[in-house]
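Please treat every number below as a calculation from the coordinates, not as lab data. Predicted model, so just to flag it, every value in this text is computed and none were measured. Positions of Cβ are generated from backbone atoms using ideal geometry, with glycine treated the same way; all protein chains shown enter the neighbour counts.
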């Protein structure tokens, strides 16, 4: 399977690493900064036959990849995805799928029209810990779902934002919730039933005056099935990343996933006692080297299989849109000071420019 990567920045090693492990035919990589491509080729000992491009459109025209991963700044995801789809390439899009619902809808609709598959890169769904929780939910072991909470307590300082000028901007990134927290926000929505009635939220920029967007978000989510969700996301934790946790509470079960990227089961209590909590904890105790976890490889394996067999990937463009919609609903609620009903018809990060101007 001919594979290409667009964007060789911070997350690109996870993409290339997954492609290498799965034996994909890496034909080309692309980045506006040639030095980044050199670093990637040297790090993974990629052969000289792999072409390097600074113009992704030229790459698509010359290389005709069957699968293209998009790992650029967030504000360019949708436009690049549209060009890849028009070129006939299936796409893996780093989170978020887009920064506006209209752009996400355009990507999804065009992919269906062109018979091309879209996978949104919410790789933490493949964590063994999350898969255990998902299977328990699907089996009805929780009974009535009561509430769930997603906590993302991380640190991002001025050095992080200085590395790339697009970070922390409304046009190309969004804030802590859109960039750092959207993975756990996705998991909360997915496991708690997906369908949401309304959201009420606060966001603020407390100690990052050098960015346009929020460094703190708090939200209460009312799901259509009668359960509730709480989201706490921040990049203000001193002095470095503390934790990312997901709690699910039901009438017959309580679970907690924690660790660097919700990759460990820390609580596992069910009334049915179908499994031993210690055994479950031992099976779900990954210790990844960073917050990105180990999910890219199974995500790539699933997408490659979906392409070969003609089925939809485990994580679709529609899944990416749902995560985007929830973050945008939080932004809108916080900006307007009122609960926001879902579904949203359209919303964009650009709607909130000037929100924290001092």
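Counting only DSSP beta bridges with both residues in the chain, what percent are antiparallel, rounded to the nearest 5? Don't skip to the end; give the middle numbers.
Details: 39 of 66 bridges.
Restricted to the chain, the bridges split so that about 60 percent are antiparallel.
Of the listed peptides 13-19, 103-109, 249-255, what is their order by residue-averaged count of other C-beta atoms within 10 Å, with the highest listed first?
Ranking the peptides 13-19, 103-109, 249-255 by packing returns 13-19, 103-109, 249-255.
Across the Cα atoms of the range 117-237, what radius of gyration and what greatest pairwise Cα-Cα distance (Dmax) are found, in Å?
Considering the range 117-237 through its Cα atoms, Rg and Dmax are 15.9, 47 Å.
Taking the beta-carbon count within 10 Å as an exposure proxy, list 20, 33, 118 from fewest neighbours to most.
Going from least to most buried by this count: 33, 20, 118.
Can you sort 218, 192 so the residue with the fewest Cβ neighbours within 10 Å comes first?
The fewest-first ordering by Cβ neighbours comes to 218, 192.
Subtracting the Cα-Cα distance from 0.36 nm times the residue separation, let me have the gained length for residue 335 to residue 271 in nm, one decimal.
Values: separation 64, 0.36 × 64 = 23.04 nm, distance 4.19 nm.
Going from the current span to full extension adds 18.9 nm.
Using only Cα atoms, find the angle between the long axis of helix 182-191 and the longest principal axis of the chain, and express it within 0 to 90 degrees, rounded to the nearest 10.
For helix 182-191, the angle is close to 50 degrees.
Please work out whether the range 1-142 counts as rounded, prolate or oblate from its C-alpha gyration tensor, where a ≥ b ≥ c are the square roots of the eigenvalues and a/c under 1.5 means rounded, while otherwise a/b larger than b/c means prolate and anything else oblate? Kindly include the intermediate steps, with their values, before the conclusion.
Numbers: a/c = 1.98, a/b = 1.36, b/c = 1.46.
Verdict is oblate for the range 1-142.
Would you mind putting 200-209, 293-302 in packing order, based on average other-beta-carbon counts within 10 Å, highest first?
In descending order of packing, they fall as 293-302, 200-209.
Once you order the gyration tensor axes a ≥ b ≥ c over the Cα atoms, which shape class does the range 250-335 get: rounded for a/c under 1.5, otherwise prolate or oblate by comparing a/b with b/c? Walk me through the numbers before you get to the answer.
On the way: a/c = 1.74, a/b = 1.23, b/c = 1.41.
Oblate shape, in that a/c is at least 1.5 and b/c is the bigger or equal ratio.
Hey, with R₀ at 22 Å, roughly what FRET efficiency would residue 238 and residue 163 work out to, going by the Cβ-Cβ distance, to 0.05?
Working: r = 20 Å, r/R0 = 0.92.
Given R0 = 22 Å and the Cβ-Cβ separation, E is 0.60.
To the nearest 10 degrees, how steeply does helix 296-309 sit against the main Cα axis of the chain, on a 0 to 90 scale?
70 degrees
With contacts defined as alpha carbon pairs under 8 Å and 6 or more residues apart, what's the relative contact order of the range 116-186 in percent?
32 percent
Show me the ranking of peptides 342-348, 44-50 by mean Cβ neighbours inside 10 Å, starting with the highest.
Put in order of decreasing packing, that is 342-348, 44-50.
If you fit an axis through the alpha-carbon atoms of helix 12-21 and take the longest principal axis of the Cα set of the chain, what angle between them do you get, 0 to 90°, nearest 10?
Result, in degrees: 80.
So what's the convex hull volume per residue for the Cα atoms of the chain, in Å³?
Values: hull volume 46.9 nm³, N = 358.
Roughly 131 Å³ of hull volume per residue.
Okay, helix-only estimate at 222 nm for the chain: each DSSP H run of n ≥ 4 adds -39500 (n - 2.57), divide by all residues, round to 500 deg cm²/dmol; what do you get?
Helix contribution divided over all residues of the chain: -10000 deg cm²/dmol.
Note down the relative contact order for the range 148-307 as a percent, whole number, built from C-alpha pairs under 8 angstrom at least six residues apart.
Working: 303 pairs, mean separation 36.6, N = 160.
Contact order relative to length: 23 percent.
Once the Cβ-Cβ distance between residue 344 and residue 44 is put in as r, and R0 is 41 Å, what FRET efficiency do you end up with, to the nearest 0.05?
Result of the calculation: an efficiency of 0.55.
Can you work out the FRET efficiency for the pair residue 358 and residue 202, with r the C-beta to C-beta distance and R0 = 22 Å, to the nearest 0.05? Please report the intermediate quantities before stating the final value.
Numbers: r = 18 Å, r/R0 = 0.81.
Working from the Cβ atoms, E equals 0.80.
For the residue pair residue 312 and residue 57, what label-to-label distance in nm results when each label sits 7 Å from Cα along the Cα-to-beta-carbon direction?
That separation, rounded to one decimal, is 3.2 nm.
Counting alpha carbon pairs within less than 8 Å and at least 6 residues apart, what relative contact order, in whole percent, applies to the chain?
19 percent
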